[in-house]
């Protein structure tokens with residue numbers, strides 16, 4: 001798969017997050033019975049940048065820490081026995097965890113497999129989670145196992161671990177530390193960014209300052225034209241979402257179909273640890 005080749009890497013190589021731009025509060029929408037407030041930001045992107053970091057919208061109603069059904073607490077501080085010597089990485093960074101897991105028959109989908117992936121958190125302050133899985137993708141192997149890659153973003157100091165519940169295997173575990181670079185520590189929170197490729201390789205920021213109910217009702221900030229001007233009916237586009245401490249992009253392929261859009265590929269599974277964000281995205285994309 002193209003995505004596997006693009007994203008597959010060994011775990012343990014962190015990637016630093018980008019700095020956010022300026023901010024402007026613009027409105028609140030109701031979604032699924034919960035209020036989701038949007039904070040729009042307006043720093044311009046390069047016309048040919050594939051991973052711009054300017055933020056479009058902040059979801060204030062973010063999922064409460066530990067909301068995922070598989071999330072559990074790690075043993076008390078000083079008693080973590082998952083690994084004798086944990087590797088270390090700073091907050092606001094990312095790592096790709098890639099494994100081949102044996103579920104037996106039938107081999108589950110990636111979405112189904114994530115239900116058997118246990119997240120364990122041991123935050124230094126005793127509150128919330130220490131990391132989040134941003135997206136996941138993969139496929140069955142010829143040997144009948146499931147090849148899975150999970151994009152992990154570190155969020156706060158402490159210990160984080162990912163466990164394969166079926167066997168108890170530790171897929172990833174790390175001591176997560178505070179930032180050593182004071183300039184990076186200025187980061188104040190996660191924001192939802194939506195970007196659209198115009199079909200020629202250029203990527204533009206979706207401007208939500210008019211509080212649109214659909215991405216197709218919005219404009220593109222840099223060229224100042226409607227999204228529909230670069231996304232004709234029936235055409236497929238790459239849409240990028242950013243909602244993470246590391247500022248890492250999650251990309252999906254989407255086709256416009258009249259006044260709505262549909263995903264043309266089921267992978268990656270996006271933001272499995274932040275269902276409130278997924279609900280906002282689903283509403284804006286009209287999936």
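Arrange the following residues from fewest to most other Cβ atoms within 10 Å of their Cβ: 172, 287. The partial results should precede the final answer.
Working: 172 21, 287 13.
Exposure proxy ranking, most exposed first: 287, 172.
Sorted by average packing, counted as other Cβ atoms within 10 angstrom per residue and highest first, what order do 100-108, 250-258 take?
Details: 100-108: 13.2, 250-258: 16.9.
By packing density, highest mean first, the sequence is 250-258, 100-108.
With labels modelled as points extended 7 Å from the Cα through the Cβ direction, what inter-label distance (nm, one decimal) is found for residue 200 paired with residue 127?
Reported label-point gap for residue 200 and residue 127 is 4.9 nm.
Label points 7 Å out from Cα along the Cβ direction at residue 229 and residue 217: separation in nm?
The answer from the label model is 2.0 nm.
In nm², what is the average projected area of the convex hull enclosing the Cα atoms of the range 143-287? Spell out each step's value before the answer.
Working: hull surface 47.4 nm².
Result: a mean projected hull area of 11.9 nm².
In the range 211-238, which residues have a backbone nitrogen under 14 Å from the label point lying 7 Å from residue 255's Cα in the Cα-to-Cβ direction?
From the range 211-238, the list is 232-238.
For the range 71-183, report the convex hull volume of the alpha-carbon atoms normalised per residue, in Å³, without decimals.
Values: hull volume 12.3 nm³, N = 113.
Looking at the range 71-183, the number lands at 109 Å³ per residue.
No value in this document is a laboratory result; all are computed from the given coordinates. The model shown is predicted, which means the values in this text are computed figures rather than measured ones. Neighbour counts are summed over all protein chains in view; Cβ atoms, including those assigned to glycine, are modelled from backbone coordinates with ideal geometry.
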